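What follows is a set of notes on a single structure, which appears directly below.
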Amino acid sequence: MSTAFPGFSPEAMQFFRGLTRNNNRDWFLPRKPLFEEHVKQPMRRVIERVNAAMSKFAPEYVTDPDKAIYRFYRDTRFSKDKKPYKEHIAANFPRRGLARHEGAGYYFAVSHKEVAVGGGVYMPMPETLLAIRQRIADRHQEFRKLARAAAVERLYGPMHGAQLSRVPKGFACDHPAADLLRMKQFLLFRELDASLATTPKLYRELVRHFQAVTPFLEFLYRPIR
């Protein structure tokens, strides 16, 4: 049996278009078998292919597909938006031994609107964020070089993420890396055309983007080993 991933089916994109218009249990439940067949199972297959590629350039990030895929059900307990389902399917690849979002990791998501791909540190614990900031303070020129590498700029553009209005306590206000030390997230992220999702190019583009972001992720991981 071929291991090639042909892309998501047109039925998967049709499912997401319908869900966007009818995000409720009455619409979803009769279509759950369609979701499993055309959305979740293909997601598992593309993750398996990505894992196979990552075993060569980022083996510590290879993740079981069922653990990589995010829950499709939204947590609405503290949200005014009570829609029960996410309108995309997404996966995260944390480094082995770390919980999701505990450190740097890879990410991608698929919907009828776009294919999103990226990597970085999204929700670090305070001690993790401090360790990353200390490493950046000591090696900011190296970090800037990684964040501005030719492949990174071509595929992702500039790094972004939430940041403080001032340099955090413990670091000099005039530190040459003051702009980096204010950051609370360190993300490289790009939205690609939705048409990519239904083609074999999806797998290749995910791998290409993951490869480009790997040195950036490894720098962010080092202080939390």
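The values are calculated or read from the model by the stated rules, or taken from the named source; none is laboratory data. Nothing here was measured: the structure is a model prediction, and the numbers come from that model. No Cβ is skipped: glycine too gets one built from the backbone with ideal geometry, and neighbour counts run over all protein chains shown. Just so you know, the surface numbers come from the protein's heavy atoms only, side chains and all, with ligands and any DNA or RNA stripped out. Shrake-Rupley method; radii C 1.70, N 1.55, O 1.52, S 1.80 Å.
Quick check on Asn51: is it in contact with a Gly (Cβ under 7 Å, 6 or more places away or on another chain) and closer than 24 Å to Lys201 by Cβ?
Here the answer is no, as Asn51 does not meet what is asked.
Total residues in the range 203-225 satisfying the condition of being in contact with a Phe, Trp or Tyr (Cβ under 6 Å, 6 or more places away or on another chain) and either free of Cβ contacts under 8 Å to residues at least 60 places away in the same chain or open to solvent by 60 Å² or more (accessible area, probe 1.4 Å) (or both): the figure is 1.
Applying the set (1) surrounded by fewer than 16 Cβ atoms within 10 Å (Cβ to Cβ); (2) in contact with a strand residue (DSSP E or B) (Cβ under 9 Å, 6 or more places away or on another chain) to Lys113 leaves exactly one unmet item: (1). Residue by residue through the range 171-181, note down the ones that are open to solvent by 40 Å² or more (accessible area, probe 1.4 Å) and out of contact with any helix residue (DSSP H, G or I) (no Cβ under 9 Å at 6 or more places or on another chain). Matches in the range 171-181: Cys173, Asp174, Asp179.
Among residues of the range 191-202 that are within 14 Å of His88 (Cα to Cα), those with a Cβ under 8 angstrom from a residue that is open to solvent by 70 Å² or more (accessible area, probe 1.4 Å) and not in a helix (DSSP H, G or I), sequence gap 6+ or separate chain, pair up as Ala194/Lys113. If only residues of the range 52-68 that are within 25 Å of Phe35 (Cβ to Cβ) and touching a helix residue (DSSP H, G or I) at 6+ places or on another chain (Cβ under 6 Å) are counted, the one that is surrounded by the fewest Cβ atoms within 10 Å (Cβ to Cβ) is Pro65. Residues in the range 85-129 that are more than 17 Å from Lys67 (Cα to Cα), in contact with a Gly (Cβ under 9 Å, 6 or more places away or on another chain), part of a strand (DSSP E or B) and not small (Gly, Ala, Ser): Val121 only.
Here are some residues: Thr198, Thr128. Which one is closer than 20 Å to Phe5 by Cβ, among the polar types (S, T, N, Q) and out of contact with any His (no Cβ under 8 Å at 6 or more places or on another chain)? I'd like the intermediate steps shown before the answer.
Details: Thr128 fails: closer than 20 Å to Phe5 by Cβ.
One residue alone meets the criteria, Thr198.
Checked against (1) open to solvent by less than 70 Å² (accessible area, probe 1.4 Å); (2) modelled with pLDDT of 95 or more, Gly103 passes all but a single condition, namely (2). Only one entry of Arg144, Arg182, Arg190 meets the criterion of being touching a Leu at 6+ places or on another chain (Cβ under 8 Å), closer than 30 Å to Arg17 by Cβ and not acidic (Asp, Glu), and that entry is Arg190.
Can you tell me which residue in the range 148-190 is nearest to Met123 (Cα to Cα), limited to those that are hydrophobic (A, V, I, L, M, F, W, C) and free of Cβ contacts under 8 Å to residues at least 12 places away in the same chain? Full working, then the answer.
Step one: filter the range 148-190 for residues hydrophobic (A, V, I, L, M, F, W, C), giving 149-152, 155, 159, 162, 164, 167, 171-173, 177-178, 180-181, 183, 186-189.
Subset that is free of Cβ contacts under 8 Å to residues at least 12 places away in the same chain: 150, 172-173, 178.
On the way: Ala150: 26, Ala172: 24, Cys173: 24, Ala178: 20 Å.
Within the range 148-190, the match that is nearest to Met123 (Cα to Cα) is Ala178.
Does Leu196 satisfy the criteria of being closer than 25 Å to Ala52 by Cβ and among the aliphatic types (A, V, I, L, M)? So Leu196 fits the description; yes.
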